[in-house]
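The values are calculated or read from the model by the stated rules, or taken from the named source; none is laboratory data. Worth saying up front: this structure is predicted, and the values here are computed from it rather than measured. Neighbour counts run over all protein chains shown; Cβ positions are idealised from the backbone, glycine included.
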Amino acid sequence: MRVRLDKIASCTRNAKLHRDVVVGGPIPARAGTVVAVRVLDNKAIYNQIEDPHGRLVKVQRGDVLAGVLGARDALRGYAGEVPASVTAGDVLHLLNLGGVIGLCTSVNPDVGPPCRVEVLGAVMRFPELGRRVGVPASIAPGPVAPRDDLPPDLPPLILVAGSCMHAGKTAAACALVRAATQRGLRVTATKVTGVALRRDSLEMMDHGATEAVTFVDTGIPSTASTSGVDVAAIAKGCIAAVAGPGVDLVVVELGDGLLGRYGVDVILDDPVLKRQRGTLVFAANDPVAAWGGVNWLAEHGWRPSVVTGPATDNEAGSSRIEELCGLPALNARTRGDALADCVFAAMNSEATGLDDATSGAATSGTEAAS
């Protein structure tokens, strides 16, 4: 069946879709399968998707949309999974702004019920010229390959982890990208966990990153535990992809939080990543989260160079964090330059190209905790 797509979600980007597609079946019920669906609801909130260019567009009842089957496990959004089977006519849900589609299993009251969508079929691709035999499209494999190791002479990494979603990780990452760029460094960035959305990586490029990739570029729509993917290998693949010749610094955002189910803990426990030069920035929603997160990180061999996020929005939080954790607490939005100076002082000036005024001893994750 031929259909014309009204909206194309950003999570389908690897598949390079056109507006006019052929849909059919059977539909592989696995993460990454590209599906066409018809929107069944009009919603007052959570009624947009991100298109392949990163622009948010409104979705309305009757729209035909291309998205990707996938899972989500968000505290402040929806939780959902890929059902055991998917057939035309099934009613599933739009799980996130990036266009990930699955069966919703839990709802946050702040966003209301998820938008329902009717499955029309798998979007088909035709790999053999001249043959009208289609196969279901998928975003896998992507342009970035997962890997078990990292290349030698890797530039220093700034890992940005958080206590939860909406903890200020992207704000901190962008402040650091901008500050490093203004110091004359060539900076690249990657987001290695979460659910498909281009917004954060595009924002880091807006602040000066010369290149940015995400886990979606490895061909997966989500790193949620139900996806069954090797999150550490995905992270190392993304880091290696942006750590090419001439790069002075790589900023790595870990989406979601330390205790979430997107694999942040797996990445921070990876021995290859622990050996790399660099530092870790921790973003927290409140002082209790800051204290708990710093202690959790210490148990896993990490000591952040600074705490940031909403917990540092004013002196009440910042001063208490400094007392409890023995770490600087600096807000990325109001004290971005001070935050950057603190982070760069924890890194090796010879390796990063920073000047002596902001240099300090080089630290890795395990070295910083010793």
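Taken together, Ala161, Ala145 contain a single residue that is under 25 Å from the mean Cα position of the chain (by Cα), part of a loop (DSSP other than H, G, I, E, B) and aliphatic (A, V, I, L, M), which is Ala145. Quick one: is Ile220 of a type in the set (Val, Ile, Thr), in contact with a helix residue (DSSP H, G or I) (Cβ under 8 Å, 6 or more places away or on another chain), buried (at least 19 other Cβ atoms within 10 Å of the Cβ) and not in a loop (DSSP other than H, G, I, E, B)? So Ile220 does not fit the description; no. Here Gly62 passes the criteria (1) farther than 26 Å from Gly263 by Cα; (2) without any contact (Cβ under 8 Å) to a residue 12 or more places away in the chain; (3) over 21 Å from the mean Cα position of the chain (by Cα) except the one numbered (2). Of the helices (runs of 4 or more DSSP H) entirely within segment 253-304, those holding at least 2 residues that are on the phi < 0 side of the Ramachandran plot and free of Cβ contacts under 8 Å to residues at least 24 places away in the same chain occupy 287-299.
Within segment 101-122, is there a residue that is at pLDDT 95 or above, of a type outside the set (A, V, I, L, M, F, W, C) and within 14 Å of Ala31 (Cα to Cα)? Yes; the residues of segment 101-122 include at least one that is at pLDDT 95 or above, of a type outside the set (A, V, I, L, M, F, W, C) and within 14 Å of Ala31 (Cα to Cα).
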